[in-house]
Structure formats: structure tokens, C-alpha cells
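> Structure provided below as C-alpha cells; questions to follow.
Every number here is computed from the coordinates shown, using simple stated rules; none is lab data. Since the structure is predicted, the reported quantities are computational estimates derived from the model, not experimental observations. We place every Cβ from the backbone using ideal geometry, glycine too, and count neighbours over all the protein chains shown.
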Amino acid sequence: MILLNKNGLPTPVLMAIQQSIDGYDRGDCEFTTTELIKSAYHCRLKKENYATLEVEADENLASMAGTALHAAIECAARKIDGAVCEQRYYAVIDGHKIGGKIDYMCGSALYDWKDTKVWESVFEPDHYKWTAQMNINRYILKQNKINTTKMIVWARYKDWMPSKAKNPDGYPGHHHEQVLIHAWNDDKTLAYIRERLADHLSEKPEPCAPWYTGEKPTLYAIMREGRKSALKLCAYETEARGRMGEYGGTYIETRPGGKFMCDGYCDCRHICPENRGA
């Protein structure tokens with residue numbers, strides 16, 4: 001990966017970002033838990049183009065900050081008797097070695113630290129990706145004769161805004177929270193792992209699904225002068241115009257949809273054939 005610095009980061013910051021990237025240790029495995037839950041299409045595209053992939057350095061600032069947060073918590077947690085911190089475990093599934101890194105485990109409680117954005121909670125309130133990741137790690141631990149009875153994700157929302165906390169539409173009420181993760185049975189977990197393996201091992205993975213790209217449809221908001229929030233959101237402009245009188249609206253506001261992961265977050269967005277902006 002080639003780091004660009006068009007936005008003029010100071011040299012020490014640039015070096016720290018490069019060190020954070022180079023310092024990642026995926027262990028001796030074919031797939032990590034994190035890789036398995038990602039889009040196979042994205043992983044394949046990144047792997048095949050990694051040597052020439054150009055990424056603006058400051059896009060990795062958040063990742064570097066997350067790594068630093070993990071390191072700080074690890075330093076403190078190692079002082080707790082019986083704690084397991086930042087340790088990778090392995091299991092072989094259908095001939096493929098999978099590695100899962102445990103952020104923190106104490107007794108039978110398994111924890112994962114997330115330094116993430118609010119949209120992870122707002123757009124995915126069921127936390128399916130977190131649930132899948134934790135259950136794969138739980139399954140790997142079980143193959144190592146380690147049983148866990150509780151799984152918790154501690155999430156820090158780095159872009160949380162107090163002004164939006166009163167919003168009833170799923171916005172987190174605080175800038176961090178603990179999310180209790182539902183445990184799958186072993187059959188469900190194994191079936192999921194095999195499904196993800198099949199996708200990653202396929203000769204031509206399917207393009208990223210809407211759940212991965214964060215695809216949202218264009219909506220049409222019935223609005224009223226002097227009011228900031230929508231009276232009603234409609235999927236079609238004709239529907240919105242036809243119901244303006246019903247809701248006492250005075251104008252229609254178009255709220256463009258899109259693939260917010262592709263448009264602003266994916267490190268392969270500039271080379272992806274599927275990205276409409278490519």
C-alpha cells in the first residue's frame with residue numbers, strides 16, 4: 001500500500017500511521033475472524049492490488065487512534081489477575097486455519113473494544129457484524145477448550161454529538177456503550193463460518209452486498225416551513241407530492257441515497273469496478 005500525503009500531515013504523524021499499518025500482525029492463519037466477516041469481493045480486490053493501492057494517509061488516522069486505544073487498555077488490563085489480552089487463538093475448519101484475536105477475556109467473559117462511528121449503531125442496530133465476529137471468536141475459543149458464557153462489545157463513538165443524543169431515531173444516548181452480544185449455537189456459527197469461507201474461496205466473489213456498502217435509497221421528505229425534521233419520508237417523489245396536504249407540508253426535500261461506505265470510507269473505492277464513482 002502506498003500512502004499519499006496530499007493534505008500535508010506532519011512527518012512524525014505520517015511515520016506513526018505507517019508504523020501502525022506495518023505493525024499489524026495477522027498471525028499464522030489463512031483467514032482472520034475480521035477478514036471472514038468482511039466482503040470477499042473487497043478483500044480480494046485489496047489483496048490483488050495491495051502493492052500499488054494508493055491511499056491518502058489521513059484516512060488512516062482513525063485506525064491508528066483505535067490501535068492506540070487498544071494498546072492503552074491492554075497495558076492497564078494486564079494488571080488484572082487472570083486477564084487475557086490481545087491474544088490470538090486458532091482453529092482449523094474444513095482444512096482452513098482461522099485466527100481470532102481476543103481483545104480481553106476475564107473468567108468466562110469475552111470483550112471486544114470498538115473505536116467506531118455512530119453509524120455502526122444507527123444503521124445497524126442489531127449489530128450483526130459484531131455478533132458474527134464475537135461468535136466466531138467464541139467458537140475458536142471453544143475449539144481450544146475455553147468456554148465463554150458472556151460476550152460484550154464496548155463501543156466508543158468517536159463522532160458522537162450531544163446535540164443529536166435526544167434524537168429518538170436510534171442515536172446513541174452517550175458517547176460509549178456496552179453491547180451484550182447474543183450467543184449463537186455451535187451449528188449456526190459453524191454454518192456461518194462455512195458460508196463465509198465459501199465466499200472468500202470462490203474463484204469470483206460476488207460484488208459487495210448492500211449491507212456492506214451501506215447502500216441507502218433516495219428518499220423524499222415532506223417538509224413544512226420553519227420545521228427542520230421531516231413530516232413524512234416517502235420512497236417516491238410522486239407519493240410525497242400526493243400526500244403533502246395530508247401532512248400539512250409546504251415543500252418536498254430530496255434526500256439523496258448512495259453507498260456511504262463506497263463513497264467515503266472504503267480504501268478500494270478509487271479502483272473498484274463496482275463503485276459508481278470509479
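> How much length is gained if the chain between Thr149 and Ser163 is pulled fully straight, taking 0.36 nm per residue apart and subtracting their Cα-Cα distance, in nm to one decimal?
1.4 nm
> If you don't mind, another one. Can you compute the equivalent ellipsoid semi-axes for the range 87-135, i.e. the square root of 5 times each eigenvalue of the Cα gyration tensor, sorted largest first and rounded to whole Å?
24, 15, 9
> With θ set to phi - 60° and the Karplus curve 6.51 cos²θ - 1.76 cosθ + 1.60, what are the ³J(HN,Hα) couplings of the range 47-63 in order, to the nearest whole Hz, using x for Gly and Pro?
Calculated HN-Hα couplings, in order: 5, 6, 10, 4, 5, 10, 5, 9, 10, 5, 4, 5, 6, 9, 4, 5, 5 Hz.
> Using the Cα centre of the chain as the reference point, and only Cβ charges (+1 on K/R, -1 on D/E), how large is the resulting charge dipole? Debye, rounded to the nearest 20.
That gives the chain a dipole magnitude of about 580 debye.
> Follow-up. My understanding is that a pair violates if its Cα-Cα distance is over 26 Å; which of Lys79/Lys150; Lys6/Lys46; Lys166/Lys232; Lys38/Lys158; Lys79/Lys129 do that in this structure?
Lys79/Lys129
> On a C-alpha basis, how far is the centre of the range 133-199 from the centre of the range 1-65 in Å? Whole number, if you could?
That distance is 23 Å.
> On to the next question. Extending each Cα 7 Å along its Cβ direction at Trp211 and Glu177, get the distance between those two points in nm, one decimal.
So the two model labels end up 1.9 nm from each other.
> Which of rounded, prolate, oblate describes the range 8-108, given a ≥ b ≥ c as roots of the alpha-carbon gyration tensor eigenvalues and a/c under 1.5 marking rounded, otherwise prolate only if a/b is larger than b/c?
oblate
> Also, quick follow-up: For the chain, what relative contact order do you get, as a whole percent, if you take Cα pairs closer than 8 Å and at least 6 residues apart?
The value is 16 percent.
> Take the alpha carbon gyration tensor of the range 179-221, find the square roots of its eigenvalues, order them as a ≥ b ≥ c, and report rounded if a/c is under 1.5; if not, report prolate when a/b exceeds b/c, else oblate.
Oblate, because a/c is 1.5 or more while a/b does not exceed b/c.
> Equivalent ellipsoid semi-axes for the chain, as square roots of 5 times the alpha carbon gyration tensor eigenvalues: give them largest first, rounded to whole Å.
Its equivalent ellipsoid spans semi-axes of 36, 24, 22 Å.
> Let me ask something else. Would you mind computing, in nm to one decimal, how far apart the modelled labels at Thr34 and Asn5 are, each placed 7 Å from Cα along Cα→Cβ?
2.4 nm
> On a 0 to 90° scale, report how tilted helix 186-201 is relative to the longest principal axis of the chain, with both axes built from alpha carbons and the result rounded to the nearest 10.
The angle comes out near 80 degrees.
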